[in-house]
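Here's the structure, in structure tokens; my notes come after.
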Amino acid sequence: GAGVSQSPSNKVTEKGKDVELRCDPISGHTALYWYRQSLGQGLEFLIYFQGNSAPDKSGLPSDRFSAERTGGSVSTLTIQRTQQEDSAVYLCASSLMGQGSGNTIYFGEGSWLTVV
Amino acid sequence: GDSVTQMEGPVTLSEEAFLTINCTYTATGYPSLFWYVQYPGEGLQLLLKATKADDKGSNKGFEATYRKETTSFHLEKGSVQVSDSAVYFCALRPWNFNKFYFGSGTKLNVKP
């Protein structure tokens, strides 16, 4: 597609429920990122997929968080047993791969998650 | 490790004032440097970038120069408008790695 597409745009869930957030990157972009932005806060790195390499999961805050990327394109971020502190905007981004090329990262509109 | 530090906000200015938002970085080699902007209720979008030392990125009246000697990439605009009110994020991409590092963001409020 023309840009990074995320769904749902808004999600309200009860504490303890599982949620899935979807990201469809820009066509041809082999790098995909998930970030989290809490109210009034900066960007917190969560996970990074680079082509067929093993993902960099170093930013996932707990084992309740997981992500997968099927077929090198669409990605799903899953949060199990949601907690109120998980409430945030979850941002997906994608970019081309390539070293030293100054490739730009393009963001989706985000998925606003509210845990009540 | 690689990181970005930017001045804390919020920054409040009157319309037509001069703007500087400081950004410094830590990285090996020659990273690419970026400024992203997030307008109220919108997603992050690229404002400008520079890929090598002494390059100047510019867009919408904003400028930033890649200074290797001071490891800085300060954002400037000569005359801000109310419509520039947003959160600005400085970011870097290492020369040999495709992961992006973001600063904590600086909120700019421009008053008429």
Considering residues of the range B:17-44 that are polar (S, T, N, Q) and more than 17 Å from A:Q41 (Cα to Cα) only, the residue surrounded by the most Cβ atoms within 10 Å (Cβ to Cβ): B:S32
Of the criteria (1) closer than 18 Å to B:E8 by Cβ; (2) more than 9 Å from chain A (Cβ to nearest Cβ); (3) under 15 Å from the mean Cα position of the chain (by Cα), which one B:S58 fails: (1)
In the range A:13-66, the residues that are touching a residue at least 40 places away in the same chain (Cβ under 8 Å), within 11 Å of chain B (Cβ to nearest Cβ) and of a type in the set (F, W, Y): A:Y33, A:Y35
Condition met for B:E76 (more than 24 Å from A:E44 (Cα to Cα), in contact (Cβ under 8 Å) with a residue 24 or more places away in the chain and touching an Asp or Glu at 6+ places or on another chain (Cβ under 8 Å)): yes
Qualifying residue in the range A:79-88 (condition: within 12 Å of another protein chain (Cβ to nearest Cβ), touching a Phe, Trp or Tyr at 6+ places or on another chain (Cβ under 6 Å) and modelled with pLDDT of 90 or more): no
Residues located in the range B:18-54, provided they are more than 12 Å from the chain's Cα centre (by Cα), facing chain A (nearest Cβ under 9 Å) and free of Cβ contacts under 8 Å to residues at least 24 places away in the same chain: B:E42, B:G43, B:T51, B:K52
Residues of the range B:102-112 that turn out to be outside any loop (DSSP other than H, G, I, E, B) and facing another protein chain (nearest Cβ under 8 Å), as a count: 1
Of residues in the range B:81-101 being more than 11 Å from the chain's Cα centre (by Cα) and hydroxyl-bearing (S, T, Y), the one farthest from the other protein chains (Cβ to nearest Cβ): B:S83
Long-range neighbours under 7 Å by Cβ, at least six apart or interchain, first residue over 21 Å from A:Y48 (Cα atoms) within the range A:80-97, second part of a strand (DSSP E or B) and not acidic (D, E): A:T82/A:T13; A:T82/A:V19; A:T82/A:V115; A:Q83/A:V115; A:Q84/A:V115
Pair list, Cβ < 6 Å and 6+ apart or interchain, from the range B:94-112 residues that are of a type in the set (K, R) to residues that are surrounded by 19 or more Cβ atoms within 10 Å (Cβ to Cβ): B:K99/A:Y48; B:K107/B:V87
Scan of the range A:50-80 for residues that are in a loop (DSSP other than H, G, I, E, B), surrounded by 14 or more Cβ atoms within 10 Å (Cβ to Cβ) and among the aliphatic types (A, V, I, L, M), ordered by number: A:L60, A:V74
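The values are calculated or read from the model by the stated rules, or taken from the named source; none is laboratory data. Every value quoted in this text rests on a predicted model; they were computed, and no experiment measured them. All Cβ positions, glycine included, derive from the backbone under ideal geometry; neighbour counts span all protein chains shown.
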